Amino acid sequence: MGHTRNKTTLLLLYVFLSLAVLAAVFPLLWIILSSFKTSGEMASRPLAFFPETFTFEYYVRVLNNLKFTVNIKNSAVVSLATTIITIVVSALGAYGVVRFFPNAGKKMTKLLITTYMFPPILLAVPYSIIIIKMGLVNTWTGLVITYLSFSIPYAIWMLIGFFQTVPLEIEEAARVDGAGKLRVFVQIVLPVVAPGVVATAIYTFINSWNEFLFALLLINSSGKMPISVALYSLTGSEILDWGEMMAASVIVILPSVLFFMLIQKKIAGGLADGSVK
């Protein structure tokens, strides 16, 4: 009797989780499928889930006519630059906090994470003034600096927990063998915390790729505009083409989704592998 009840409970749980996943994924699937509809079908059957005829006309118009390839390149450059600089600085900072300033580091990390207490819109004006004073308006450099001010504190906070799991004995044994501090950090410590570094890099990249507010405020040239702002610019036209909006939305969302799907197993299972190494 108890076994049957447990199976029934498990079945109901799976049904509930399946419905929850379906509800969460449905809007994304509808946007993706709608982006492949023809212009006539988009006008006559806008709420239909599956298109009658698959076409890439909206993607061709978005990439060629609207020059979204330029915006994709802009977002890729800014996001990759932000991610690389963040990982280098935060990895060194987190390791230094854990190994050389453990007591002061705890207080410092709490201070760093307080930057996330303020909503971005509250910081928009002071950030804009600073970037204007530096002469970096409408430049990728100004945008990257702005993103770094948010990503580095959080990345250090995330990586500290991973560096704390590295046994000190491993580093001491390497130093006995003649390895310097930098070599110990690069060849011994980093492979162990590689899953944490990857997770932090993904988080930083996705945040930079999807960021909208500061990109809108600091970039005013269409040639340097990130893809998130380019998507918003479609709403400013006199007649909103929903097909183009669907295709552009897929282009914005899909890289982050695919990137995370490809790398999630390494995040989940890499910690044990890194520890063995």
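The values are calculated or read from the model by the stated rules, or taken from the named source; none is laboratory data. This structure is a prediction, so every number in the text was calculated from the model and none was measured. Note that we place each Cβ from the backbone using ideal geometry, even for glycine, and neighbour counts take in every protein chain shown. Ligands, DNA and RNA are stripped out before the accessible areas are found, and what is left, the full protein with its side chains, is counted by its heavy atoms. Shrake-Rupley method; radii C 1.70, N 1.55, O 1.52, S 1.80 Å.
Annotations
- One equal scatterer on each Cα of segment 1-90, no solvent, Debye formula: the resulting log10 I(q)/I(0) at q = 0.11, 0.13, 0.22, 0.25 Å⁻¹ is -0.65, -0.76, -1.03, -1.11.
- Taking the C-alpha atoms only, the angle from helix 68-99 to the longest principal axis of the chain is near 20 degrees.
- Contact order relative to length of segment 79-237, as percent, for alpha carbon pairs under 8 angstrom and 6 or more apart: 38 percent
- Helix 242-276 axis, angle to the chain major axis (alpha carbon atoms, nearest 10°): 20 degrees
- Based on DSSP H segments of at least four residues, each scored -39500 (n - 2.57), the chain has a per-residue ellipticity at 222 nm of -24000 deg cm²/dmol.
- This model, with +1 at the C-beta of Lys and Arg and -1 at the C-beta of Asp and Glu, gives segment 28-94 a dipole about its Cα centre of some 160 debye.
- Relative counts (whole %) of C-alpha pair distances in segment 70-160, using bins that are 5 Å wide: 2, 13, 20, 19, 20, 14, 8, 3, 1, 0
- Against the main long axis of the alpha-carbon atoms of the chain, helix 194-210 sits at an angle near 40°.
- Using the 1.4 Å probe convention, the accessible area of the chain works out to 59 Å² per residue with neighbouring protein chains retained.
- Listed residues L148, L33, L159, most fluctuating in the chain (Gaussian network, C-alpha, under 10 Å): L33
- Listed residue (N138, V257, V97) projecting farthest to the positive dipole end of the chain, Cβ model: V97
- Length-normalised contact order of the chain in % [C-alpha pairs under 8 Å, at least 6 apart]: 29 percent
- The alpha carbons of segment 127-167 stretch over 46, 16, 10 Å along the principal axes, in descending order.
- Among F36, F118, F205, residue whose mean-square fluctuation peaks in a GNM of the chain (springs only between Cα atoms under 10 Å): F118
- For segment 39-146, the carbon plus sulfur part of the accessible surface works out to 75%, probe radius 1.4 Å.
- Over the chain, the Kirkwood radius and the radius of gyration, each from Cα atoms, give a ratio Rg/Rh of 1.06.
- Comparing I170, I84, I32 in a Gaussian network model of the chain, where Cα atoms under 10 Å apart are tied by springs, the biggest mean-square fluctuation is seen for I170.
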